[in-house]
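Values quoted throughout were computed directly from the atomic coordinates according to the rules given, and no laboratory measurement underlies them. On a predicted model such as this, the values are computed, not experimentally measured, just so you know. Positions of Cβ are generated from backbone atoms using ideal geometry, with glycine treated the same way; all protein chains shown enter the neighbour counts.
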Ligand code: HEC
């Protein structure tokens with residue numbers, strides 16, 4: 001019964017399009033562009049939901065080898081000896097305070113920069129081609145080398 005209704009509906013639609021359009025060629029076009037529109041909107045919907053959820057649910061796993069590389073390339077300039085107020089890696093007292101802020105906050109500060117009472121940590125340590133993952137790895141490496149563990 002349902003099938004029959006669908007068939008009737010399609011035939012009715014078909015004749016409606018036929019009568020509405022000048023010829024067969026045009027009718028064909030009309031149908032296919034309708035199909036495209038449907039596909040497009042379905043694709044954009046799928047895309048936007050998946051990218052939003054991946055942003056919100058993103059979890060990082062530290063790669064300390066990569067963290068070491070990033071640290072030695074970028075962060076070492078300030079964080080080895082404590083240039084410009086940066087916490088030196090051997091300064092466990094300061095790193096203990098820093099670690100208490102939690103990993104999420106420290107990652108955020110490394111990405112966006114941070115101004116504290118000691119000085120200015122530039123966004124991404126001024127490393128424009130460091131990814132968020134690179135920074136996560138570098139922060140993890142620095143915490144580990146300083147001998148502290150972040151709150152979360
Ligand atoms: C130009 C110098 C400089 C470079 C390069 C630098 N930092 Fe920093 N960083 C600082 C300073 C200064 C502070 C301390 C700010 C304060 O506490 O007043 C700091 C603090 C931090 C903190 C603690 C933030 C907080 O919330 O207390 C983290 C984490 C950090 N840096 C990570 C990094 C990483 C990762 C890199 C390399 C990608 C890096 N830094 C490169 C200067 C630098």
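Taking R0 as 22 Å, what's the FRET efficiency between residue 131 and residue 151 from their Cβ-Cβ distance, rounded to 0.05?
The formula returns an efficiency of 0.40 here.
Please rank 134, 129, fewest neighbouring Cβ atoms within 10 Å first, as an exposure proxy.
Starting with the residue having the fewest Cβ neighbours, the order is 129, 134.
Taking the highest mean first, how do the peptides 73-83, 109-119 order by number of other beta carbon atoms within 10 angstrom per residue?
My ranking of the peptides, most packed first, is 73-83, 109-119.
Between residue 112 and residue 90, what FRET efficiency follows from the Cβ-Cβ distance if R0 is 22 Å, with the result rounded to 0.05?
E(calc), rounded to 0.05, equals 0.25.
Pulled fully out, how much extra length does the chain show between residue 59 and residue 80, if you take 0.36 nm times their separation in residues and subtract their Cα-Cα distance?
4.8 nm
Using mean Cβ contacts within 10 Å as the protection proxy, how do 58-64, 95-101 order, highest first?
Top to bottom by mean Cβ count within 10 Å: 95-101, 58-64.
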